[in-house]
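For reference, the structure discussed in these notes is given below.
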Amino acid sequence: MTGNSDATPQTQLSDLPRYPIAEAVSPAELEAEVAELDRLSNSSPLRRGWGYLRLGGPGFIDAATTLGAGTLTASMLSGAMFGYKTLWLIWVSMGLGVFMMAAAARFTCRGGFRLIVMQNRHHGWIVGSLMTGLLGTGAVAIIFNYGQYSLGTHLIESLAPMLGFEFPRQINWVVFMAITSFITLNYGQRGKKGMVLVESFMKLCITVMLFCFGICLLLVGVDWGAMVRGAFIPWLPAGVEGIDLFVASSAAAIGVMDWVLFQYAGLARGWGRKHETLARFDILFGLFLPFVLINFLVVAVFAGTLHQVGGTHPETATELAGALAPLLGPTWSQVLFYIAFLAVPITTTVGMSLAGAIAIHEALGWEPDTSSWRWRACVLLPQIGFLAVWYPRPVWLVIAIAAFLSLSNNIVGWSFYLLLNDRKVLGEDRCKSYGWNAGILTLICLLNAVALTYIFNRLGWWVR
Amino acid sequence: MIDIDSRYGPFSGRVWGLVINFGANALALYGLAGFLRDGTHLVHLTVGPIVTVACVLLLARPSS
């Protein structure tokens, strides 16, 4: 990792080959999209916003991916244990992540390069292919999909009796696999249509989550005063528990996989210089807002129910959902809750499968061809998570991957910061904003803190 | 003023800055752990955050 040292001219961006998946988008479609962006830039804010929502996509894919079993469990636990008090952590953590996502957008729209290839060239294979591609994204997609399968099949099993039939996990995993595989395999197929199908599916699922969790909250009721205080007045549990919660939450909202997925999903759409405003809008309204709103809703539902009941709470998502359901009242409201909750592991499986396949191809220098058997094999690798129906996750592997992530996410963050500020990489399009850099560096400090607390824990230096 | 985009030995100033910042983060956390445990390590707890803030302020400067 050498960073930039001299001011040699940047690579001629127009000479860079297009990302192969973007070949699915015809030049005529891309030109029509750019023309529409030009039209939208001169229209009213409302019309522009609607147009951008329609044209956006990678941000929604990222939101639906990052809103997984782990994130939602953390929100449920937070609401059940601390009520509304930790709401502020949600927007602060995602807000910090936005700075890094904007860097990914810059690499896509102005750089036009493939992130992992560029990391390999400037910061070495260990940072690019290994830390970012194979382990930071590929391995995470495969190993952490066990959790999505476990949650998804449990939810289907719990939902079925409310609809009048039994559907045990040992059978319903087939449905989970069929839905997620079908959506995932469509990416990059039939011109732009496959990509639009995946993006529309993610948008629909996010809408379902917002609508259903919103209805549940209306039934539960809101303590508006406590909610506003929780959203804007920082509070943490006393002592080391508070520090652990802050460090883990603030640095973990979005990570390497999300940065990679957004960068490559933008490349796959053929985004260029004129798409940067759309990309930023997509980050704010496709990723930031849905992520914050859905987590707010979940925290608030649990704050208004299990937190009021008090006592000790279960710790797994399935048990938490089971404990909440009777408190929601009528059966239809429980059905709504389970449907919204089911959308969480389904979309995360789809997003992680795509991110994993993209990263594995990049790390190993394979050209992604979405109609090849190699692509299909890679994109379906996370489906091995169906084994979660019978076996627990391989704990040693989860611990190993989690440890690796703790120790390497910050290095990948360093790499992003250096690429963004490197004249040789981005030329005149490099970062010229003090605030943007400061935001990225703040996130890097938190990622450093995650790595350090892991090391300190191992050395016995951390407080327990 | 230091030019953080110039090379100093094997790395550019920005890379050195990130390394120093990491050390400062470690110092701050080490001090925090000690302070929470038995009220000691005040020097680490003071120096770590100050150097961290200085690094962030310096490294946030865009390259000219």
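Throughout, read-outs are computed from the coordinates displayed, never taken from laboratory work. All values reported here derive from a predicted model rather than from experimental measurement. Methodologically, a virtual Cβ is constructed for each residue, glycine included, from the backbone with ideal geometry; neighbour enumeration extends over all protein chains shown.
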TODO: Scan chain A and report its longest stretch carrying no chymotrypsin sites (Phe, Trp or Tyr not before Pro) that are both in a DSSP loop and have at most 11 other Cβ atoms within 10 Å.
DONE: A:166-389
Open item on the list: If you average the C-alpha positions of the range B:1-21 and of the range A:220-259 separately, how far apart do those two centres end up, in angstrom?
Closed with: 34
Open item on the list: Relative contact order for the range B:21-64: what percent, with Cα pairs under 8 Å and sequence separation of 6 or more?
Closed with: 41
TODO: Pull out the extension gain between residue A:29 and residue A:432, defined as 0.36 nm times the separation in residues minus the alpha carbon to alpha carbon distance; nm, one decimal.
DONE: 141.9 nm
TODO: Collect residues whose amide H, placed 1.01 Å from N in the peptide plane, falls under 5 Å from the amide H of residue B:8; neighbours closer than 5 in sequence don't count.
DONE: B:13
TODO: Could you grab the relative contact order for chain A? Cα pairs under 8 Å, six or more apart, rounded to a whole percent.
DONE: 37
Open item on the list: Run the helix sum for chain B: -39,500 (n - 2.57) per DSSP H stretch of 4+ residues, divided by residue count, reported at 222 nm to the nearest 500 deg cm²/dmol.
Closed with: -24000 deg cm²/dmol
Task: Residue list for the range A:25-54, given a label point 7 angstrom along the Cα-to-Cβ vector of residue A:117 and an amide N cut-off under 18 Å - done: A:25
Open item on the list: Suppose every Lys and Arg Cβ carries +1 and every Asp and Glu Cβ carries -1, with no other charges. What dipole size does chain A come out with about its Cα centre, to the nearest 20 debye?
Closed with: 460
TODO: For every helix of n ≥ 4 consecutive DSSP H residues, a contribution of -39,500 (n - 2.57) applies; sum these over chain A, divide by its total residues, and give [θ] at 222 nm rounded to the nearest 500 deg cm²/dmol.
DONE: -21500 deg cm²/dmol
Task: Between 0 and 90°, nearest 10: helix A:69-82 axis offset from chain A longest Cα axis - done: 50
TODO: Give the angle, between 0 and 90 degrees and rounded to the nearest 10, that separates the Cα long axis of helix A:193-220 from the longest principal axis of the Cα atoms of chain A.
DONE: 30
Open item on the list: Could you work out the relative contact order of the range A:381-450? I mean the mean sequence separation of Cα pairs under 8 Å and 6+ apart, divided by the number of residues, in percent.
Closed with: 32
Task: Low-density loop cleavage sites - trypsin sites (Lys or Arg not before Pro) in the range A:150-229, where at most 13 other Cβ are within 10 Å (DSSP) - done: A:190
Open item on the list: Kirkwood Rh over alpha-carbon pairs of the protein assembly as shown, then Stokes-Einstein at 25 °C and 0.890 mPa s: what D in µm² s⁻¹, rounded to an integer?
Closed with: 103
TODO: Under a cut-off of 25 Å between alpha-carbon atoms, report the lysines in cross-link reach of residue A:274, not counting same-chain residues fewer than 8 places apart.
DONE: A:192, A:193, A:203, A:424, A:432
TODO: For chain A, find the longest principal axis of its Cα atoms and tell me its angle to the long axis of helix A:87-106, 0 to 90°, nearest 10.
DONE: 20
Open item on the list: Within 10 Å of each candidate Cβ there may be at most 15 other Cβ atoms; applying that plus a DSSP loop requirement, which GluC sites (Glu not before Pro) in the range A:246-355 survive?
Closed with: A:315
Task: FRET efficiency, 1/(1 + (r/R0)^6) with R0 56 Å, evaluated for residue A:210 and residue B:7 via beta carbons - done: 0.65
Open item on the list: Testing the spin-label approximation: label points 7 Å from Cα along Cα→Cβ at residue A:374 and residue A:233. State their distance in nm.
Closed with: 5.9
- [ ] Would you mind getting me the FRET efficiency between residue B:46 and residue A:309? Use the beta-carbon distance for r and R0 = 41 Å, nearest 0.05.
- [x] 0.40
Open item on the list: So if I take the centroid of the Cα atoms in the range A:151-165 and the same for the range A:340-394, what is the distance between those two points in Å?
Closed with: 24
TODO: Quote to one decimal, in nm, the extra length available between residue A:366 and residue A:50 on full extension: 0.36 nm per residue of separation minus the C-alpha distance between them.
DONE: 110.1 nm
